[in-house]
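All of the numbers you see were taken from the coordinates with simple rules; none came from a lab. Just so you know, these numbers come straight off a predicted model, no measurement behind them.
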Amino acid sequence: MLGIVIASHGALSTGLKDAAEVIMGATENIATVSLNQGEDIQKLGEKIKQAIQLVDQGNGVVVFVDLVSASPYNQALLTIRELEKEMQEKVYIVSGANLPMLLETINHQLLETPIEQVPETVITQGENGLGIWHVSMIETKADDDDDEF
């Protein structure tokens, strides 16, 4: 089964996992890692490494981070460099983690999708999950009636 690690600043990682479980029910093979205020960044790298090892079942691991080039991202990169070459090739870091991306990855877990096919579809789903709404977008009946004059 595909492994998933969510690493973030604060409780975002646990919040994403909790939200996914509200929608999909109990999840499997997902570990969360949080960098809380005042914590040692070097220890974050060790926690990420332990999380990867915990969820690795030989099918690959997706490591979600909240921000590119921030501490969780940087520590994930450093951690992956310490893994054996064969394992390095089966770990992907995906930044900008959001709920649609996590749900898509859980679906790939269930479908047993090869790890190499997962990151691109996850990014696409994350992008498709973005949107804007404003009251000005509503067409009212009065506006429609004005067009008849």
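General remarks:
- Backbone amide hydrogens, once placed in the peptide plane, bring Thr32 within less than 5 Å of Ile6, excluding anything fewer than 5 places away on its chain.
- Comparing the chain with the 2.2 N^0.38 Å rule of thumb, its C-alpha radius of gyration ratio is 1.30 (two decimals).
- By the rule of a C-alpha distance below 30 Å, with chain neighbours fewer than 8 residues away ignored, the lysines paired with Lys17 are Lys43, Lys47, Lys49, Lys85, Lys90.
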